[in-house]
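K.L.:
Here you go, one structure.
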Amino acid sequence: MSLNRASQALEGFRRHIAGYNPPLVKQLTISMGFENLTICDHSLSVLGHVDKALYYAKENVRNCVYHYQELITLGKLSVIVDDSTS
């Protein structure tokens, strides 16, 4: 799946959740972070990237979707250096 399609799918899911009005809850929202995954990636590194993107979303905007590499490119996050995988 392309990055653009993944982003669109996650944004569609976010909008779907935001449009749902459950009983007893004033507003329901979701923040998400995501990252590319290749066969060479270490799972803990990818989870760390997703976690950073998620917490950026929760701390800065809320109710949004962020891609880790895009946040790095924009200078919003710094690169995680993980020496435990070598």
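The values are calculated or read from the model by the stated rules, or taken from the named source; none is laboratory data. Fair warning: this is a prediction, and the values are worked out from it, not measured in the lab. Don't worry about glycine lacking a Cβ; one is built from the backbone with ideal geometry, like all the others, and counts go over all protein chains shown.
K.L.:
Tally the residues that are of a type in the set (A, V, I, L, M, F, W, C), under 15 Å from the mean Cα position of the chain (by Cα) and modelled with pLDDT under 95, restricting the search to the stretch 1-23.
P.N.:
Residues meeting the conditions: 2.
K.L.:
Also: Can you tell me which residues in the stretch 29-59 are hydrophobic (A, V, I, L, M, F, W, C), in a loop (DSSP other than H, G, I, E, B) and modelled with pLDDT of 90 or more? Give the derivation first.
P.N.:
First, pick out the residues of the stretch 29-59 that are hydrophobic (A, V, I, L, M, F, W, C): 30, 32, 34, 37, 39-40, 44, 46-47, 50, 53-54, 57.
Within this subset, residues satisfying the condition of being in a loop (DSSP other than H, G, I, E, B) are 30, 37, 39-40.
Residue satisfying the conditions is Ile30 alone.
K.L.:
Please state which one of Leu24, Leu28, Leu71 is without any contact (Cβ under 8 Å) to a residue 24 or more places away in the chain and touching a Leu at 6+ places or on another chain (Cβ under 9 Å).
P.N.:
On the way: Leu24 fails: touching a Leu at 6+ places or on another chain (Cβ under 9 Å); Leu28 fails: touching a Leu at 6+ places or on another chain (Cβ under 9 Å).
Exactly one residue qualifies, and that residue is Leu71.
K.L.:
Moving on to the next point. Identify the residue in the stretch 37-59 that is surrounded by 15 or more Cβ atoms within 10 Å (Cβ to Cβ), without any contact (Cβ under 8 Å) to a residue 24 or more places away in the chain and touching a strand residue (DSSP E or B) at 6+ places or on another chain (Cβ under 9 Å) and, among all such residues, is farthest from Ser7 (Cα to Cα).
P.N.:
Tyr56
K.L.:
Of everything in the stretch 1-16, what is more than 16 Å from Tyr66 (Cβ to Cβ) and part of a helix (DSSP H, G or I)? Give them in sequence order. Walk me through how you get there before you give the answer.
P.N.:
Applying the first criterion (more than 16 Å from Tyr66 (Cβ to Cβ)) to the stretch 1-16 yields 1-2, 5, 16.
Selection gives Arg5, His16.
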